[in-house]
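Heads up, the thing below is written out as structure tokens.
FYI, it's all coordinate maths here, none of it is from the lab. Please read all numbers here as calculations on a predicted model, not as lab measurements.
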Amino acid sequence: MTDGWRQILAESPGVLPALLRKTLDADLRAALDAIETRDNVRLVFIAHRLKGSARLLGDAQATALCASLEATAQAGDTALARLLLMRTRRALASALRRLDPP
């Protein structure tokens with residue numbers, strides 16, 4: 001199923017990838033805010049949303065990082081969550097660049 005979404009995103013006229021980028025940017029900012037305010041419940045929710053976006057992009061590394069971020073937030077480990085969020089941000093940025101036309 002993720003291959004289908006990746007194809008749809010790649011072939012869309014730009015609206016879907018732009019919406020996904022906007023949503024990811026907002027979620028990444030919200031995740032950082034949740035970490036800074038130590039709102040682990042909110043971070044779990046956001047990490048789950050990020051994981052869904054990573055799946056839409058068909059990126060296994062980003063999906064795994066989001067799953068780790070979600071589990072880390074559930075465990076309440078803020079320091080590790082911050083590190084995972086930085087790695088997740090880079091992985092998602094890389095996945096988004098693959099959507100850009102050559």
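In table form, for the structure just shown:
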quantity	calculated
Under the Karplus curve 6.51 cos²θ - 1.76 cosθ + 1.60, θ = phi - 60°, whole-Hz ³J(HN,Hα) for region 29-34, x wherever Gly or Pro sits	5, 5, 5, 4, 4, 5
Karplus-derived 3J(HN,Hα), 6.51/-1.76/1.60, for each residue of region 54-60, Hz, glycine and proline x	4, 5, 4, 6, x, 9, 5
Kirkwood estimate for region 20-102, i.e. one over the average of 1/r between Cα atoms, Å	12.3
